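Read through the structure below, which is laid out as structure tokens, and then see the notes.
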Amino acid sequence: MKYAFFPGCVLEGAAKENYIATTAVAKALGIELVEIPGWTCCGASHVQDVDDLAATAINARNIALAEQMNMPLLTVCNTCTLMLRKAKAKLDGGQKEKINGILAKADLQYQGTSEITHLLWVLLKDYGLDKLQAAVKRPLKGLKVAGYYGCHILRPPALMDFEDFANPQSLEKLIASLGGQPVEFGHRLKCCGFHATYTAEPDMIAITGQTNQSAVEAGADCMVTPCPLCQMSLDMNQPEGQAAVNCHQEMPVLHLAQLVGLALGLSPEQLGINRHIAGREVIQAKIK
Amino acid sequence: MRQITYIVTRFDGVKSFTQTYTFPHQPGKTLLWGLITIKETLDSSLAFTAACRAAVCGACAIRVNGQAFLACETPLDGILDRFGDTLTIEPLQNFPVIRDLVVNWEPKAERLAAANTWLKPQDNFSAKEGCKQSVADFKKITPQINCILCGACASECSKLSANSDDFLEPFTYSKVWKFVADSRDKDAAARVKAIVDKGLWKCLHCVECVTKCPKGLAPGEDIARLRQMSIKMGYTDNPGARHAKAFLQDIEDTGRLNETKLSLRTIGMIGSIGKLPFALRLLRRGKLNPLHAPSKVKGHEQIKAILKAVRESEQ
């Protein structure tokens, strides 16, 4: 199993621990990740607000680079996945010739041979949960995990068609296969507000607080999300979020790869959990 | 015999409560059929709105297991496959409830009207000649014309749920875009100018509206179209426009996001000082490195060439 790895910008910065965890987990599972040389920012759900064609063209380049490697493109961020899949849908839906005219200026060509996938989907569909379960060295026995999907791995369903947007189950199945106990909670399909961090900050803070409170009230020990942007929003803003809803119990928010890594026997440090703001000690205490 | 259960959130004008109704399954029915069955056979006091039964009038949108659906056009069997034979039925969110599943549209209609969502015909049109439009121009606005004002987008909108004071219903942005893009309208510039201050940059990008619209509209994308137009018209002195432009600039400069500079560029020095406790928290955990600036990615000259070609093709 070999993938053209598209880390996304935040894995080089504030969510570097997700780079550490993803590469460690891939290595442990025998999934080969080859980082795409020269990948660029996907546009982060913002660039289309300035120039839609530019958003499509830069992602056509990203996909073309993966095609040169002759591998499917693997992301670990919901928004990167959406931006790349949106560009691919436009290319396959009639813009290929036009965009290839633009890519030709950079001696590149989009062909349509590389799928855009996400680590969560790869673990379920390509790797398989049976195989993952067999690789578990430290079952997450008794760990109550609230699966938080994040918007852009489900919506819009026309582009993100891996599972039912209204009642997805992939995270719950994954948590169970790692030996953990999936926890249903009210906010599992809601938005974290990350993309309006600067434009609607009070809303984003309130949402952070409500989401963590929702997980606390459902009895979760931690949350897990396939999106580093959700993770950052729910973790880094947690002190303000707690104050906004007057719920002061810390809620660790794990990246998907971190949860898998813990079950594979890696230590919290090896997975960069020491870089988190909230609930580091909770994870240390729960993982023995 | 297979039984279906609707757990309905009811409201009698004073208090809210849930009531459980169980009735025999029939194949090939709709969500609305279930409500009508309850009213006709179990409880005539259950209040809901529905009229056309053909996804035209927009009266029957409700929430099922926390998601908005148009009751008349949604096959019940598909919903049961998704959620099982017991469903929770609620009125739309983000609307005042009048009774049971009936919501009050009046405040929404007022907000819609305040956004001037009617045609301002160009001066060359007359009552005698009418407001003619080519087929091609009509097709440009067909998706937005299909809105039936069912309220599903407003119900699911994450921003409205957080705070509706500084944001409009998603359908309103789609309607505003429709008139901006309508070849018969004379007020496009004034419409864009007005909408910038009516929450245009406050959308959270949750894509709920696009997902839940039963008529295939994409209000979130109409918001993006209005944003593009506002930037073209020079309305760039706001955090939203600065933030979006910063991403494109970073792609052009190096290929990747410069997180350290993002706050300064979006909300300026004063705004960024307000975020100091947050920044210090990140520094302490190694999540923010003020010294880190991305260097140019491999193939940076390709990006330059691509963005140059994009700009040329748009001229």
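The values are calculated or read from the model by the stated rules, or taken from the named source; none is laboratory data. Computed from a predicted structure; not experimentally measured. We place every Cβ from the backbone using ideal geometry, glycine too, and count neighbours over all the protein chains shown. Quick note on the areas: whole protein, heavy atoms, side chains included, nothing else; ligands and nucleic acids left out. Shrake-Rupley method; radii C 1.70, N 1.55, O 1.52, S 1.80 Å.
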- Message: To the nearest hundred square angstrom, how large is the accessible surface buried between B and A, total for both chains, probe 1.4 angstrom?
- Response: 5400
- Note on the structure: Summing +1 per Lys or Arg and -1 per Asp or Glu among the other residues with Cβ less than 13 Å from A:Asn62's Cβ gives +4
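In deg cm²/dmol and to the nearest 500, what is the mean residue ellipticity at 222 nm of the protein assembly as shown if only DSSP H runs of at least 4 residues count, each as -39500 (n - 2.57), divided by the residue total?
-12500 deg cm²/dmol
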- Task: Run a plain Debye calculation on the stretch B:150-294 (Cα atoms as equal point scatterers, no solvent) and give log10 I(q)/I(0) at q = 0.09, 0.13, 0.15, 0.16 Å⁻¹, rounded to two decimals, same order as the q list.
- Result: -0.36, -0.71, -0.88, -0.96
- Accessible area drop of at least 50 Å² (1.4 Å probe, protein heavy atoms): which residues of the stretch B:280-302 qualify, relative to the chain alone? B:Arg281, B:Arg285, B:Lys287, B:Lys298, B:Gln302
- Task: Taking 7 Å along the Cα-to-C-beta vector as the label spot, tell me the B:Ile7-A:Leu129 distance in nanometres, rounded to one decimal.
- Result: 2.3
- Query: Taking a probe of 1.4 angstrom, what is the accessible area of B:Lys139 in Å², to the nearest 10?
  - Reply: 140
- Query: Over the C-alpha atoms of chain B, what are the Rg and the largest Cα-to-Cα span, Dmax, in Å?
  - Reply: 24.3, 72
- Query: Percent relative contact order of the stretch B:239-314, based on C-alpha pairs within less than 8 angstrom and at least six residues apart?
  - Reply: 38
- Item | Residue-normalised accessible area of the stretch B:105-232, given per residue in Å² at a 1.4 Å probe | 44
- Task: Note down the relative contact order for the stretch B:3-102 as a percent, whole number, built from C-alpha pairs under 8 angstrom at least six residues apart.
- Result: 36
- Note on the structure: For the stretch A:85-235, the per residue accessible area (1.4 Å probe, Å²) is 36
- Counting only protein heavy atoms and rolling a 1.4 Å probe, one gets per residue an accessible area for the stretch B:3-102 in Å² of 44
- Item | Gained length - B:Ile98 relative to B:Ala194, 0.36 nm times residue gap less alpha-carbon distance | 31.4 nm
- Item | Along principal axes, Cα extents of the stretch A:29-138, largest first, whole Å | 50, 28, 25
- Report the charge-dipole magnitude of the protein assembly as shown in Debye, nearest 20, computed about the Cα centre from +1 at each Lys and Arg Cβ and -1 at each Asp and Glu Cβ. 660
- Query: So how much slack lies between B:Leu264 and B:Cys52, counting 0.36 nm per residue of separation and subtracting their Cα-Cα distance, in nm?
  - Reply: 71.0 nm
- Query: Using 1/(1 + (r/R0)^6) with R0 = 60 angstrom and r between the beta carbons of B:Gln122 and A:Glu97, what's the FRET efficiency to the nearest 0.05?
  - Reply: 0.95
- Item | Square roots of five times the Cα gyration tensor eigenvalues for the protein assembly as shown, Å | 37, 33, 23
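For the stretch B:105-232, compute Rg over Rh where Rg is the Cα radius of gyration and Rh is the Kirkwood radius from the inverse mean 1/r over Cα pairs.
Numbers: Rg = 14.6 Å, Rh = 15.0 Å.
Using Cα coordinates only, the ratio equals 0.97.
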- May I ask for the distance between the Cα centers of the stretch A:132-155 and the stretch B:1-40, given as a whole number of Å? 35
- With a Förster radius of 51 Å, plug the Cβ-Cβ distance of B:Glu301 and A:Val282 into 1/(1 + (r/R0)^6) and report the FRET value to the nearest 0.05. 0.60
- Note on the structure: Across the alpha-carbon set of the stretch A:143-203, Rg over Rh with Rh taken as the Kirkwood radius works out to 1.04
- Message: Can you give me the C-alpha center-to-center distance between the stretch A:248-288 and the stretch B:114-189, rounded to a whole angstrom?
- Response: 48
- Query: So for the pair B:Cys131, B:Asp253, with labels modelled 7 Å out along Cα→Cβ, what separation do we get in nm?
  - Reply: 4.5
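Using a probe of 1.4 angstrom, how much of the accessible area of the protein assembly as shown is carbon and sulfur, in percent?
C and S atoms contribute 53 percent here.
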- Query: Can you give the convex hull volume of the alpha carbon atoms of the stretch B:3-102 per residue, in Å³?
  - Reply: 92
- Message: Working only with C-alpha atoms, what are the Rg and Dmax values of the stretch B:239-314, expressed in angstrom?
- Response: 14.9, 46
- Task: Enumerate the lysines that B:Lys15 could reach by cross-link, defined here as Cα to Cα under 24 Å, with residues fewer than 8 away along the same chain left out.
- Result: B:Lys39, B:Lys108
- Task: Figure the gain on full extension for A:Lys141 and A:Lys27 (residue separation times 0.36 nm, minus the Cα-Cα span) and round it to one decimal in nm.
- Result: 38.7 nm
- Message: Threshold 40 Å², probe 1.4 Å: give the residues of the stretch A:40-73, in number order, that are less accessible with all protein chains present than with their chain alone.
- Response: A:Thr40, A:Cys41, A:His46, A:Val47, A:Asp49, A:Val50, A:Asp51, A:Leu53, A:Ile58, A:Arg61
- Query: Counting pairs of alpha carbon atoms under 8 Å apart in space and at least six apart in sequence, what relative contact order in percent does the stretch B:151-244 give?
  - Reply: 33
